[in-house]
Amino acid sequence: MTLPGGDISGILAAPGTAGTEPRSRRIQRLRPALLHAGTVLFALALLWRAAKVQVLERDTWRARARNMQLAVVNLPGPRGQIRDVNGAVLVESRELLKLSVVPREVAADLRRKGDGAERLATAIRDFGRLGVDKGIVARMRDTSVAWIDIPGRYLASDVASLTAFRGVHSVRVLDRVPPTNDGLRRLIGRADESGVPVGGIEKSLDAVLRGTGGSEAFVRDVRGQRVRSPAVAGEQPRPGNTVTLTISRGLQDIVERALGDAVATMRASGGDIVVLDPGTGEVRAMASRRANPLSAGATALTEPYEPGSTLKPFVAARLLDMGRARPDEVVRTWNGKWQLDGRKIEDDHAMAEASLSDVIRYSSNIGIVQFAQRFSHDEQYELLRDLGFGTPTGIAYPVESPGSLVPPARWDPLTPASLAMGYAVAVTPMQLALAYGAIANGGELLEPAIVRDVRSPDGGVEWRHHRRVVRRVMTPAAASAIRGMLKGVVETGTAAGSNLSTFDVAGKTGTARLTENGRYVGKYTASFVGMFPADHPQLVILVKLDNPTRTIYGGKAAAPVSKVVLQAALAARDAALDRAALAKPPAAEQAGSAAAARAGDAVAMTAADLAAAVGDAPAAGDGSAWVVRLDAPREFAPAAVAFGVVPDVRGLPARRAALELHRAGFRVSLPAGAGADRVGGTVPAAGARIATGSRVVLEREQ
């Protein structure tokens, strides 16, 4: 089209194209630049990401990689050992395995190895012999099951053939091996599967016994198997401290057997025995037994009872110290029947009158009530409070009963008489044994101890028990006088027949009615507290039987038990007795020995001869001869002058035979593993007369 003035084609051309190149050509020209820019940006992004991962996030990715390659297993810290006073291990921790099985991994391992089917069958068969349920063992071959947790814990050596297979996973756990006898289990308590203490010394000393956990690193190989890492060091667990008790395992075993036999023989509902060292307050043995199988714990610490006549010696001791009575002072006892404010008081031994010594010897209720009337109410209350009644002893045990002692403001007119006879007050066997310990040691009430020392894993002593006096409760003179009275109880009084042939024993019997729903019923507690030997006691022995039905009297039910314990303790080597002190004649007798020798009625025995007879050497000396009178056999060491006849134990189980021989006063050699075997004979043979304390060897029945 042509217009005036020129050609209009340029005007009609597409907008924006006048004088420029086409868009497509321009885009084609810019495309390489865009590609180069994109490539640079991508490279920069990669560099940034690499820098971020390798620099900024380095620790995070290292940790992820380590977690994929490494497996860190927490290791529990073993609890410390618990030992007896002689160092024998009572409780310790051992390492066991908990197992889990992945059947598919086991099957894959078998296919890869090709020859493992027979080995797996053998391993599973061995595993089944450990008592695992047969259904669980059968499922270990079922590849449709994803995962099986095997119940129980096993020694590594018992399951080594099974853990060798891939797919059998194990985790190390700690098992607490409990004591062997029931009494120690009650006293020590236990720790559950997770190591948490449940009751007893385990709980009260948990902070001391608890170990510190550690860790161990494993590397996973291409098949997923774990191998201990050589590059990553684990942290070894640290065991807890070792606790040494004051308990003697040998004496504890003796006490356990004696109590079990006494409960069965007397048809009692239960009983307790406490044995302690009156010079230090250390508990040497403590046994409890109840007819109720659910009963647990050390009932000698947790169940108080009315002590009955065993409380009478303390009334006499305080009156002697106050100058208000003499051992030979006589009161009327009304031939065993007396009325006091409308209350009838009776004695088992009818006497018209009795001295204070005879009141204790024959356990006169009438006599002790009359003597106790010389106290004011406050004085009588202070006597019992000073003995520690009504307050816990402070022994290292998580639960302890304080007993009960009613203050004078709540007494009725008959309470003073009841207290004098051992009623209206409740004490635990431990409290009463400690009170008798004061009579034995010259008048000091001691704090009881059941832990001798605590040692670190490297053997260093962290803590050690030291003798601690709570208070003096009587003078040495009064304590000596009461020991003399208590010797009379055993020689000719209510505990006659419980003495030993070679040693004097002092003690007091008790027979107290039991209460049910606040009323006294026709059931009794029979008890006896003895001191051995009488003049310089090394042991205080308390025996209590609950509701014996064969005989209710402490002198016939409980006192003979202490004799059995002492006879067995003398025959045993590890029963916490100072044999050197027992072998030494009293000082007064030594002073007269020279004159006896000049008169020609004595013989000399060297320390070596005595050691050969007794079996334990006395304290080191100069080797000089010991001179003893022939007409005074108690000046000899017990085993040197006392003889016994070997009983016939043929046909008995070995353990029962050993008990019978212990009762007869002999040591016993039991063949290894012969506990359930029957005895075919003894060496020396039955009927042989040999020194008590000698060793008798048991022979298996053929």
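The values are calculated or read from the model by the stated rules, or taken from the named source; none is laboratory data. Small disclaimer: the values here were computed from a predicted structure and weren't measured. For neighbour counting, all protein chains shown are included, and Cβ atoms are generated from backbone atoms with ideal geometry for every residue, glycine included.
Residue count for the stretch 151-194, restricted to those that are more than 14 Å from residue 95 (Cβ to Cβ) and of a type in the set (Lys, Arg): 4.
Would you say residue 429 is under 25 Å from residue 242 (Cα atoms), buried (at least 20 other Cβ atoms within 10 Å of the Cβ), in contact with a Leu (Cβ under 8 Å, 6 or more places away or on another chain) and modelled with pLDDT of 95 or more? Judged against the criteria, residue 429 is not a match. Being small (Gly, Ala, Ser), surrounded by fewer than 19 Cβ atoms within 10 Å (Cβ to Cβ), assigned by TED's automatic domain parsing to the domain that holds residue 271 and farther than 28 Å from residue 355 by Cβ, is that true of even one residue in the stretch 509-519? Among the residues of the stretch 509-519, at least one is small (Gly, Ala, Ser), surrounded by fewer than 19 Cβ atoms within 10 Å (Cβ to Cβ), assigned by TED's automatic domain parsing to the domain that holds residue 271 and farther than 28 Å from residue 355 by Cβ, which makes the answer yes. Criterion applied to 459, 493 was being in the same structural domain as residue 537 (by TED's automatic domain parsing), on the phi > 0 side of the Ramachandran plot and in a loop (DSSP other than H, G, I, E, B), and the one residue passing it is 459. Residue check, residue 150 against (1) over 14 Å from residue 81 (Cα atoms); (2) in contact (Cβ under 8 Å) with a residue 60 or more places away in the chain; (3) β-branched (Val, Ile, Thr), all met but one. Which one? (2) is the only condition that residue 150 fails.
For the stretch 335-355, the tally of residues that are basic (Lys, Arg) and either closer than 20 Å to residue 507 by Cα or in contact (Cβ under 8 Å) with a residue 40 or more places away in the chain (or both) stands at 1. Out of curiosity, is residue 502 more than 25 Å from residue 365 (Cα to Cα) and of a type outside the set (D, E, K, R)? Judged against the criteria, residue 502 is a match. A single entry from 138, 123, 117 fulfils the requirement of being buried (at least 17 other Cβ atoms within 10 Å of the Cβ) and modelled with pLDDT under 75: 123. Consider the stretch 397-419 and keep the residues that are more than 23 Å from the chain's Cα centre (by Cα) and closer than 30 Å to residue 201 by Cα. The one that is surrounded by the fewest Cβ atoms within 10 Å (Cβ to Cβ) is 404.
Of the residues making up the stretch 268-310, those that are over 25 Å from residue 465 (Cβ atoms) and not in a loop (DSSP other than H, G, I, E, B) are 270, 271, 289, 290, 305, 308, 309, 310. The set of residues from the stretch 364-396 being under 25 Å from residue 471 (Cα atoms), among the hydroxyl-bearing types (Ser, Thr, Tyr) and crowded, with 16+ Cβ neighbours inside 10 Å comprises 381, 393. Selection of the stretch 407-456 for residues being among the β-branched types (Val, Ile, Thr) and either over 19 Å from residue 84 (Cα atoms) or part of a loop (DSSP other than H, G, I, E, B) (or both) yields 415, 425, 427, 428, 439, 450. Do we have any residue at all in the stretch 317-334 that's touching a Ser or Thr at 6+ places or on another chain (Cβ under 6 Å), of a type in the set (D, E, K, R), free of Cβ contacts under 8 Å to residues at least 24 places away in the same chain and assigned to a loop (DSSP other than H, G, I, E, B)? Scanning the stretch 317-334, I find no residue that is touching a Ser or Thr at 6+ places or on another chain (Cβ under 6 Å), of a type in the set (D, E, K, R), free of Cβ contacts under 8 Å to residues at least 24 places away in the same chain and assigned to a loop (DSSP other than H, G, I, E, B), so the answer is no. When 394, 460 are checked against the criterion of being within 25 Å of residue 317 (Cβ to Cβ) and at pLDDT below 95, a single residue qualifies: 394. Can you confirm whether residue 467 is assigned to a strand (DSSP E or B), basic (Lys, Arg) and at negative phi? Against the criterion (assigned to a strand (DSSP E or B), basic (Lys, Arg) and at negative phi), residue 467 does not qualify.
Does residue 681 satisfy the criteria of being in a loop (DSSP other than H, G, I, E, B) and either at pLDDT below 60 or not assigned by TED's automatic domain parsing to the domain that holds residue 535 (or both)? The answer is no for residue 681. One residue is enough: does the stretch 411-427 have a residue meeting the conditions touching a strand residue (DSSP E or B) at 6+ places or on another chain (Cβ under 9 Å) and without any contact (Cβ under 8 Å) to a residue 12 or more places away in the chain? The answer is yes; a qualifying residue exists.
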